[in-house]
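The values are calculated or read from the model by the stated rules, or taken from the named source; none is laboratory data. Note that the structure is predicted; figures quoted are calculated from it, not measured. Heads up, the Cβs are rebuilt from the backbone with ideal geometry, glycines too, and the neighbour counts pull from every protein chain shown.
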Amino acid sequence: MDLLSSMKISAAGMSAQRTRMNVVSSNLANINTTRTPEGGPYRRQVVVMTAEPTADAFGKMLDGNISSPKVVTVANDPSDFQRVYDPSHPDADKSGYVSMPNVNLMKEMVDMLSAQRAYEANTTVISSIKAMAQQAIDIGNK
């Protein structure tokens, strides 16, 4: 595997984690949104990712065991909405209950930290690859 392929895999990882962060921030921004243009409360979104085998020679030698992350889609979380008793809320039903978004603050914070750490790990990999490339250039100049 050459250094450029390694950088491409890390860059794909950074892109996937950026997508996760965008989805988490959207979920957090809509944590109290009870009415959307589609009708009903905001529905939590989740990123669906897959591992895409690399097509380089080294990956083929390892039977395709080297993969690059790929975002397949951003899907709606099918879990139930939370029902909260608040008869003064404009979106309350006849019984006084409001359907609140299925966004859990703690779950979103964990997802955010996980995406942040994975992004940081990929930036560390890219920095290491750049350092290795620079050392190879320095060795070649001697």
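Checking Ile31 against (1) farther than 28 Å from Tyr97 by Cβ; (2) touching a helix residue (DSSP H, G or I) at 6+ places or on another chain (Cβ under 7 Å), only one condition comes out false. Which one? Condition not satisfied by Ile31: (1).
Exactly one residue out of Ser95, Ser68 is touching a helix residue (DSSP H, G or I) at 6+ places or on another chain (Cβ under 8 Å) and small (Gly, Ala, Ser): that is Ser68. Of the strands (runs of 3 or more DSSP E) lying entirely inside the range 35-142, not one carries at least 3 residues that are out of contact with any strand residue (DSSP E or B) (no Cβ under 6 Å at 6 or more places or on another chain), loosely packed, with under 13 Cβ neighbours inside 10 Å and of a type in the set (Phe, Trp, Tyr).
Consider Lys8 carefully, then state whether it is surrounded by fewer than 16 Cβ atoms within 10 Å (Cβ to Cβ), touching a residue at least 24 places away in the same chain (Cβ under 8 Å), in a helix (DSSP H, G or I) and of a type in the set (D, E, K, R). Quick ask: steps written out before the conclusion?
Numbers: surrounded by fewer than 16 Cβ atoms within 10 Å (Cβ to Cβ): yes; touching a residue at least 24 places away in the same chain (Cβ under 8 Å): yes; in a helix (DSSP H, G or I): yes; of a type in the set (D, E, K, R): yes.
For Lys8, the condition - surrounded by fewer than 16 Cβ atoms within 10 Å (Cβ to Cβ), touching a residue at least 24 places away in the same chain (Cβ under 8 Å), in a helix (DSSP H, G or I) and of a type in the set (D, E, K, R) - is met.
For Ala29, indicate whether it is surrounded by 14 or more Cβ atoms within 10 Å (Cβ to Cβ) and at pLDDT 95 or above. Against the criterion (surrounded by 14 or more Cβ atoms within 10 Å (Cβ to Cβ) and at pLDDT 95 or above), Ala29 does not qualify. Among the residues of the range 32-59 satisfying the criterion of being touching a Ser or Thr at 6+ places or on another chain (Cβ under 9 Å) and either small (Gly, Ala, Ser) or modelled with pLDDT under 90 (or both), which is nearest to Asp77 (Cα to Cα)? By that ranking, first place goes to Gly40.
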